[in-house]
Amino acid sequence: MRRLPRRLGYGEEATLVEHLEELRWRIFIVLGAIVLFAIVAFAFHGHVLDWLNRPLPADRRKVVTLGVAEPFTVSIIVSIYAGFVAAFPVVLWQLWSFFAPAFDPAIERRTLGLVGFATALGAAGFAFGYWILLPRAIHFLTHYDDKHFNNLIQAKPYYSFVITVLLGIVVVFELPLAVLGLVYLGVLSSRALRRNRRIGYFITAVIGLALPGPDPVTTALEVLPMWVLFEGSIWLAVIVERRQPAPNETAGEALL
């Protein structure tokens, strides 16, 4: 049985053929993990569908299908999405294992810290989207002008709506990471962020409007946490700047 690809050490040399072979096996592992988790998700797709239907009103949690094969195809598509989400840590680990030998241990630790921070932000955004944003947006949309509309919730558009909203709010919650990256690169500073706070709020609102949001209520619920996250990013930028060495110290170390 062939061994799994070995992660190279920092500065360890390998031929082009060895790199291509390692990349091939890591792609196989990623695809295998996605397929395996998708099969598991399909085996339990009833529980997955119940979980996705939970934000709906209690009397509308059985969504409508309009074709003979639609129940099966929708279950397959949802299972593939669930498999990819479940296999995402494997995807990230295989990607990092392939590129990590190019970075020294100090940069590797810093990168892993940023990945952990991004994961925590994404998990917080996912939780906010599922337990707070989705129920309120769906309640408003399904009861909007219900005296004139008989709202039959179709399976495929509904699950697309849920995935779009959750993806959008996860992207929103990654705002502090983007701001910190620009501060670390010297493009922004905490002083500039504080001085142009109103412009920052306007830009984040524009970004929120550009993110996936099928209705004004969902978009507004995405913009509000963006403003909170932007304000928090300003104070995180202050912490990052205090931990960075002063320019004179960096120049002195370079001369030595």
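Residue under question is residue 234, and the condition is that it be assigned to a helix (DSSP H, G or I) and at pLDDT below 85; does it hold? Spelling it out, it is not the case that residue 234 is assigned to a helix (DSSP H, G or I) and at pLDDT below 85.
Filtering region 69-86 to residues that are aliphatic (A, V, I, L, M), part of a helix (DSSP H, G or I) and open to solvent by 50 Å² or more (accessible area, probe 1.4 Å) leaves 76, 77, 80, 85. Of the residues making up region 185-197, none is open to solvent by 30 Å² or more (accessible area, probe 1.4 Å) and within 16 Å of the chain's Cα centre (by Cα). Looking at region 56-76, can you tell me whether even one residue there is of a type in the set (A, V, I, L, M, F, W, C) and in contact with a Lys or Arg (Cβ under 8 Å, 6 or more places away or on another chain)? For region 56-76, residues of a type in the set (A, V, I, L, M, F, W, C) and in contact with a Lys or Arg (Cβ under 8 Å, 6 or more places away or on another chain): present.
Just to be sure I understand, how many residues within region 139-162 are in a helix (DSSP H, G or I) and at pLDDT below 90? Qualifying residue count, region 139-162: 4.
If you go through region 176-228 and pick out every residue that is polar (S, T, N, Q) and assigned to a helix (DSSP H, G or I), you end up with 4.
The values are calculated or read from the model by the stated rules, or taken from the named source; none is laboratory data. What you are looking at is a predicted structure, and each value in this text was computed from that prediction instead of being measured. No Cβ is skipped: glycine too gets one built from the backbone with ideal geometry, and neighbour counts run over all protein chains shown. These accessible areas exclude ligands, DNA and RNA; they are computed on the full protein's heavy atoms, side chains included. Shrake-Rupley method; radii C 1.70, N 1.55, O 1.52, S 1.80 Å.
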